[in-house]
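Worksheet: one structure, shown below.
The values are calculated or read from the model by the stated rules, or taken from the named source; none is laboratory data. Note that this is a predicted model, so its numbers are computed, not measured. We place every Cβ from the backbone using ideal geometry, glycine too, and count neighbours over all the protein chains shown.
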Amino acid sequence: MSRNPEWLDNAVFYEIYPQSFKDTNGDGIGDFKGITEKLDYIKELGCNAVWLNPCFESPFGDAGYDVSDYYKAAPRYGTNEDLKQLFDECHKRGMHILLDLVPGHTSVEHKWFKESMKAGKNEFTDRYVWTDSIWEEPQGMGCIRGISDRDGSCAVNFFSHQPALNYGFYKCERPWQQPMDAEGPKATLEALKDVMRFWLGLGCDGFRVDMAGSLVKNDPEGKGTIKLWQNVREFLDKEFPKAAMVSEWGEPDKSIPGGFHMDFLLHFGPSHYNDLFRCDEPFFSHRGKGDAYEFVKRYNECREKSQNKGLMCIPSGNHDMDRLARSIEGINLKIAFAFLLSMPGAPFIYYGDEIGMRYVEGLDSVEGGYGRTGSRSPMQWDKTTNAGFSSAPRDRLYIKMDESADRPDAESQMNDKDSLRSEVKRLIGIRNAHKALQTRGEINFVYAEKNEYPLAYLRGCDDEWILVILNPADREVNFECRLTPVEKIYSIGGDISCNDGRITVPPRFAGFYEI
Ligand code: GLC
Ligand code: CA
């Protein structure tokens with residue numbers, strides 16, 4: 001496997017949901033020009049990389065994760081030229097940008113799918129996973145059936161309007177199931193590489209890959225899918241060695257051997273990420289009834305299994321989960337960010353999380369969002385109309401805003417040194433100033449006991465070692481620690497005291513200490 005692109009070593013990502021970031025032409029929906037306009041905001045926060053959610057032509061039945069043309073920017077966001085300009089403007093600022101690649105499925109409106117629905121054999125007949133009779137459904141996959149002249153049922157990959165592209169089956173059990181090295185699956189993979197080639201050629205810096213673990217079917221251990229991504233890795237090493245790849249897989253022990261540089265720990269899969277932020281009693285809640293032990297255990301296992309080669313990224317949230325501020329509040333949000341920004345792997349901040357944007361309750365589903373819609377509301381920039389997101393009349397906004405009178409906004413928080421945003425900016429600054437805290441530094445957990453607080457770990461690089469202590473709980477706690485903190489780099493919520501091999505930690509506290 002190739003070494004990570006160097007820029008990942010100190011990358012801090014900002015995830016942008018294009019429809020909700022900034023509207024520049026008053027049609028009520030965000031656009032590329034709006035993102036370009038706000039790059040300085042992102043840079044000022046300290047982020048130096050962007051992940052842009054899907055921005056390709058689509059009927060938007062799943063917010064753009066249902067692509068109808070991989071080669072064309074969605075007109076509502078702008079043109080390919082505008083997107084290229086966004087790449088260029090990122091680069092001018094020393095920033096990088098990842099697009100969202102959706103390799104597992106397309107929209108039913110994609111021309112490949114329309115061709116594959118035809119009764120007569122053609123170039124796209126094997127582009128998707130079809131059974132060979134309308135009366136047979138692909139088991140356990142869900143399907144589209146009865147809308148094509150073709151006699152067969154087409155497997156779906158997510159919603160029932162997202163037909164599954166055919167990369168083959170690891171184990172073939174039915175006559176219509178094709179092995180990975182059959183012509184159809186091979187052609188699909190080449191088509192995917194062409195798409196990647198196109199956007200990398202235009203200047204994007206890599207991809208966040210949607211449902212990366214889902215490609216090869218009947219592959220419970222992921223062996224086929226790993227092999228497939230290794231093939232992609234070879235192609236990238238040859239043609240685009242600087243391209244960065246991050247997977248939505250949630251199993252670094254598979255994605256990293258597959259050739260991804262980074263994988264997310266997520267709200268699904270075995271990572272215990274939810275234990276920290278999104279469950280009845282999250283570890284980072286002030287109630288102090290949570291547990292970080294299982295998370296740490298799994299984290300260490302994954303590091304071992306992936307031989308510490310790739311990066312595990314812990315996002316503040318994303319467009320699929322509840323806003324962080326739905327379950328964590330006040331100073332605890334700052335403590336959560338002290339964790340997110342002091343862990344190895346590249347941090348990912350979901351737009352608006354830096355100001356504590358809230359989950360908007362009670363919204364009707366928009367573009368296949370369902371319960372996710374409340375986490376996708378327009379960015380709140382300032383105190384002007386529509387919080388500075390758009391000049392459209394309020395009822396023309398493609399998705400409703402947080403209408404609460406005290407909704408947070410970026411401008412106010414930039415002018416307040418005690419705001420969450422100022423804290424996040426401070427924390428990114430500290431991360432940037434200390435290699436030990438960055439992406440590749442070592443981590444050793446010092447204290448992570450079942451149902452106990454605090455959480456403490458050592459980060460290190462070369463001869464710099466930093467002890468991180470986090471106590472989200474509303475009560476003073478102490479723990480045994482033979483290390484001697486010598487210099488404080490950062491703290492919020494008071495200070496620790498050390499006595500006789502024990503460290504006492506105040507309630508609702510985060511601190512970083514050189515040892
Ligand atoms: C991923 C995306 C999600 C989408 C799904 C189907 O999980 O993050 O938003 O709905 O894949 O593409
Ligand atoms: Ca617009």
**Study point:** Test for I489: is it under 18 Å from A336 (Cα atoms), without any contact (Cβ under 8 Å) to a residue 60 or more places away in the chain and crowded, with 17+ Cβ neighbours inside 10 Å
**Key:** yes
Exercise for review: Would you mention how many residues in segment 91-111 are assigned to a helix (DSSP H, G or I) and in contact (Cβ under 8 Å) with a residue 60 or more places away in the chain?
Suggested key: 1
Review point. Restricting the first residue to segment 381-407 and requiring it to be more than 14 Å from ligand 2 (Cβ to nearest atom), which pairs with a second residue that is among the hydroxyl-bearing types (S, T, Y) meet a Cβ separation below 6 Å and a spacing of at least six or different chains?
Key: M401/S377; D402/S377
Check your understanding: Within segment 195-237, which residues are in a strand (DSSP E or B) and under 23 Å from A73 (Cα atoms)?
Key -> G206, F207, R208, V209
Review point. hydroxyl-bearing (S, T, Y), farther than 27 Å from S491 by Cα, at pLDDT below 95 and buried (at least 23 other Cβ atoms within 10 Å of the Cβ) - does that describe any residue in segment 297-309?
Key: no
Check your understanding: From the list I428, I503, which residue is over 30 Å from the mean Cα position of the chain (by Cα), not in a loop (DSSP other than H, G, I, E, B) and not acidic (D, E)?
Key -> I503
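Rundown of residues vs (1) under 30 Å from E304 (Cα atoms); (2) in contact with a Gly (Cβ under 8 Å, 6 or more places away or on another chain); (3) in the same structural domain as K43 (by TED's automatic domain parsing), yes/no style:
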site: S419; (1), (2), (3): no, no, yes
site: V446; (1), (2), (3): yes, no, no
site: L458; (1), (2), (3): yes, no, no
site: T484; (1), (2), (3): yes, no, no
site: K488; (1), (2), (3): no, yes, no
site: I496; (1), (2), (3): no, yes, no
site: G501; (1), (2), (3): yes, no, no
site: P507; (1), (2), (3): no, yes, no
Exercise for review: Being out of contact with any helix residue (DSSP H, G or I) (no Cβ under 7 Å at 6 or more places or on another chain) and either within 16 Å of ligand 2 (Cβ to nearest atom) or under 22 Å from C204 (Cβ atoms) (or both) is the filter here, so list the residues in segment 102-111 that pass it.
Suggested key: V102, H105, S107, H110
**Study point:** Complete set of residues in segment 392-425 that are touching a helix residue (DSSP H, G or I) at 6+ places or on another chain (Cβ under 8 Å) and either modelled with pLDDT under 95 or in a helix (DSSP H, G or I) (or both)
**Key:** R394, A410, E411, Q413, M414, L420, R421, S422, E423, V424, K425
Revision key, fill the gap. Flagged in segment 44-78 as within 16 Å of ligand 2 (Cβ to nearest atom), within 20 Å of the chain's Cα centre (by Cα) and of a type in the set (G, A, S), in numbering order, are A63, G64
Point to revise | Pairs where the first residue, in segment 161-183, is on the phi < 0 side of the Ramachandran plot and crowded, with 20+ Cβ neighbours inside 10 Å and the second is assigned to a strand (DSSP E or B) and of a type in the set (G, A, S), C-beta under 6 Å, 6+ apart | key: A164/A155
Practice item. For segment 29-43, enumerate the residues that are part of a loop (DSSP other than H, G, I, E, B) and within 12 Å of ligand 2 (Cβ to nearest atom). Key: I29, G30, D31
Review point. Can you find a residue in segment 465-479 that is small (G, A, S), surrounded by fewer than 21 Cβ atoms within 10 Å (Cβ to Cβ) and not assigned by TED's automatic domain parsing to the domain that holds F348?
Key: no
Review point. Can D280 be described as surrounded by fewer than 24 Cβ atoms within 10 Å (Cβ to Cβ), within 15 Å of ligand 1 (Cβ to nearest atom), outside the structural domain of I466 (by TED's automatic domain parsing) and modelled with pLDDT of 95 or more?
Key: no
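Quick grid of which residues meet (1) under 14 Å from the mean Cα position of the chain (by Cα); (2) under 15 Å from R298 (Cα atoms); (3) surrounded by fewer than 22 Cβ atoms within 10 Å (Cβ to Cβ):
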residue: N231; (1), (2), (3): no, no, yes
residue: E234; (1), (2), (3): no, no, yes
residue: K238; (1), (2), (3): no, no, yes
residue: K254; (1), (2), (3): no, yes, no
residue: G258; (1), (2), (3): no, no, no
residue: M262; (1), (2), (3): yes, no, no
residue: F268; (1), (2), (3): yes, yes, yes
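Kindly provide the set of residues from segment 385-417 that are farther than 16 Å from K38 by Cβ and in contact with a Phe, Trp or Tyr (Cβ under 8 Å, 6 or more places away or on another chain), ordered by number.
First, the residues of segment 385-417 that are farther than 16 Å from K38 by Cβ: 385, 392-408, 412, 415-417.
Once the filter is applied, which keeps residues that are farther than 16 Å from K38 by Cβ and in contact with a Phe, Trp or Tyr (Cβ under 8 Å, 6 or more places away or on another chain), segment 385-417 yields L397, M401.
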Practice item. Being under 14 Å from the mean Cα position of the chain (by Cα) and over 23 Å from R426 (Cα atoms) narrows it down to one of S375, S365, S316, so name that one. Key: S375
Check your understanding: In segment 239-253, which residue that is modelled with pLDDT of 95 or more and not in a loop (DSSP other than H, G, I, E, B) is farthest from ligand 1 (Cβ to nearest atom)?
Key -> E239
Revision key, fill the gap. Exactly one of K72, K111 is touching a strand residue (DSSP E or B) at 6+ places or on another chain (Cβ under 9 Å) and not assigned by TED's automatic domain parsing to the domain that holds E37, and that one is K111
Exercise for review: Could you list all residues from segment 9-48 that are more than 16 Å from ligand 1 (Cβ to nearest atom), closer than 20 Å to H261 by Cβ and crowded, with 24+ Cβ neighbours inside 10 Å?
Suggested key: A11, Y14
